[in-house]
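Nothing in this text is a laboratory measurement; each read-out follows from the coordinates by a stated rule. Everything quoted here is computed from the prediction, not taken from an experiment. All Cβ positions, glycine included, derive from the backbone under ideal geometry; neighbour counts span all protein chains shown.
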Amino acid sequence: MAVIRESDLIDSIADALPYVSYFHPPDFIRALAAAYEREESEGARNAIAQILVNSRMAALGRRPICQDTGVANVFLELGVGARLDLSRPLQEVVDDAVRRAYRYEQNPLRASVVVDPLDSRKNSGDNTPAMLHVEMVEGDRLAVHVSAKGGGSENKAKFTVLEPSESVADWVVNTVETLGAAWCPPGYLGIGVGGSSDKAMLLAKQALNEPIDFFELQRRGPRNRTEELRLEIHERVNALGIGAQGLGGLTTVLDVKIKSFPTHAASLPVGLIPNCAATRHVHFTLDGSGPAELAPPDLADWPEILLDQASAHARWIDLDDLTDDVIRSLTPGETLLLNGTLHTGRDAAHKRMVEILDAGGALPVDLEGRAIYYVGPVDAVGDEMIGPAGPTTATRMDRFTGRILEATGLRLMIGKAERGADAIAAIERHGAAYMIAVGGAAFLVSKAIREAEPVAFQDLGMEAIYRLRVEDMPVMVAVDCRGQSVHQTGPARWRRAVASV
């Protein structure tokens with residue numbers, strides 16, 4: 001009987017979480033590189049290029065791919081012939097591993113877990129507890145799947161119970177069309193079918209740990225109904241034209257993974273969970289001989305892409321001189337290089353600023369004529385000015401946008417994904433503009449940040465307001481001062497183009 005020691009399990013999970021923070025799975029990189037080669041949309045191709053360059057930089061620098069280093073998901077499959085030698089409950093053991101990983105001084109990971117979701121929402125400070133799932137299986141080993149799931153894609157998880165005669169593909173395609181770009185495509189879909197409501201969602205999450213094999217499936221053709229469904233959903237979702245970062249293009253999903261389970265005769269439960277461009281997971285097996293050894297992937301799988309060509313067509317913008325003429329000159333889809341002063345601020349900071357304004361107070365920062373970046377960076381290490389600092393989902397700031405623009409004279413906002421109708425109306429009304437940075441390119445973006453200083457709300461941790469100085473920070477105009485949005489025009493154009501092929 002294999003005896004799995006507590007210390008080996010802790011060491012293995014503690015090593016796996018930093019590992020997945022900076023190493024994309026090679027199968028994902030190969031699929032993404034293939035998507036880059038065939039992409040025809042200039043905006044989407046540039047976004048994929050940034051993701052691939054960022055991934056290679058993160059792998060070489062051993063720093064997080066994305067600033068949202070995710071909630072730790074741990075799946076254990078314990079063979080009936082194996083034994084766990086534990087001195088305490090399994091959740092405590094796994095949480096010890098997570099705590100060690102997220103506090104690792106050489107590669108600190110951002111703690112995103114709040115311990116009281118209904119009240120204080122106080123951050124745990126170490127990203128515990130983990131989302132732990134345990135299953136007894138055949139054999140005498142312990143199989144472990146470790147993943148880090150970011151909030152942008154997790155927030156787009158959906159569940160429904162269809163009637164048995166309804167189409168799973170129709171529901172998935174129609175649902176994906178409503179998700180927007182906040183889940184950071186291109187990625188892939190995990191779909192769970194059957195069981196009960198909780199089982200279907202668990203199956204969907206487990207499906208995301210499976211290797212990408214879509215090219216092989218296309219080459220040999222489907223062998224069963226599940227594989228037929230994968231092919232159908234893949235084709236129909238990509239035909240929507242959503243594209244990388246929602247900019248419009250040929251590739252929205254790289255693969256579709258489906259797991260199923262027996263269910264009630266009157267039910268057809270379906271869970272859907274998208275995985276983003278910061279896909280992070282690893283699998284290993286413990287047999288009692290010691291902790292897992294995670295070998296670095298072969299960087300030959302990472303294409304060497306130069307961004308100079310895209311940057312050559314970008315316009316240089318001085319953030320310290322955002323005149324009306326500059327704002328009016330911006331057009332959706334245009335690539336810019338930002339230089340100068342930039343403030344950060346996301347959910348908690350926006351909420352607090354609005355509370356101060358509503359109480360008649362003065363804000364601790366002057367945003368008149370300025371730009372704000374929706375970001376919660378990773379802590380810096382060594383000589384870094386700031387840790388990986390990619391954008392967060394802009395729609396979460398929509399409820400505050402009108403009030404902030406009206407009261408402060410803010411001119412530019414930078415985040416990821418689309419804006420809602422009310423936010424776009426406020427942008428047009430106040431003559432502002434909204435840009436996107438590429439989600440999944442956090443390490444790349446951080447290299448454009450030359451100075452970083454916390455200036456307000458330091459008690460909010462990673463959600464504090466920082467004053468940054470940036471040089472050639474790459475962004476794309478998403479909403480101009482006339483209320484035109486690339487997230488509306490881009491997919492519409494490529495949906496027609498793809499549908500006509």
- Task: Identify, among 273, 299, 112, the residue whose Cα sits farthest towards the positive end of the charge dipole of the chain, taking +1 on the Cβ of Lys and Arg and -1 on the Cβ of Asp and Glu, with the dipole about the Cα centre.
- Result: 273
- Item | Inter-label distance, nm, simple model (7 Å from Cα along the C-beta direction), residue 104/residue 407 | 4.2
- Item | Sorted by Cβ neighbour density within 10 Å, fewest at the top, the residues 228, 368 | 368, 228
- Cysteines, the chain, no other Cys beta-carbon under 4.7 Å: 66, 481
- By Cβ neighbour count within 10 Å, fewest first, 146, 253 rank 253, 146
- Task: Based on other C-beta atoms within 10 Å, arrange 28, 214 from fewest to most.
- Result: 214, 28
- Describe numerically, in nm with one decimal, the distance between label points set 7 Å from Cα along Cα→Cβ at residue 80 and at residue 140. 1.5
- Item | Dipole magnitude (debye, nearest 20) for the chain, charges at Cβ of Lys, Arg, Asp, Glu | 720
- Task: Pick out the long, greasy-scoring helices in the chain: whole DSSP H runs spanning 24 Å or more along their own axis by Cα, mean Kyte-Doolittle at least -1.0.
- Result: 6-22, 42-61
- Rounded if a/c is under 1.5, else prolate if a/b is larger than b/c, else oblate: which is segment 221-294, with a ≥ b ≥ c the root eigenvalues of its Cα gyration tensor? oblate
- Query: For the chain, what number of Lys pairs, 8 or more residues apart or on separate chains, have alpha-carbon atoms under 17 Å from each other?
  - Reply: 15
- Message: How high is the relative contact order of the chain? Use alpha-carbon pairs under 8 Å, at least six apart in sequence, and give a whole percent.
- Response: 20
- Label-point separation (nm) for residue 226 and residue 323, each offset 7 Å from Cα along Cα-to-Cβ? 6.3
- Query: Of 10, 340, 408, which is farthest along the charge dipole of the chain in the positive direction, counting Lys and Arg as +1 and Asp and Glu as -1 at C-beta?
  - Reply: 408
- Message: Multiplying the sequence separation of residue 359 and residue 316 by 0.36 nm and subtracting their Cα-Cα distance, what value in nm do you get?
- Response: 11.6 nm
- List the relative contact order of segment 151-277 as a percent without decimals, with contacts defined as Cα pairs under 8 Å and 6+ residues apart. 47
- Task: Please get the size of the charge dipole for segment 151-277, origin at its Cα centre, with Cβ charges of +1 on Lys and Arg and -1 on Asp and Glu, quoted in debye to the nearest 20.
- Result: 200
- Note on the structure: One finds, for residue 170 and residue 219 with R0 = 30 angstrom and r their Cβ-Cβ distance, a FRET efficiency to the nearest 0.05 of 0.70
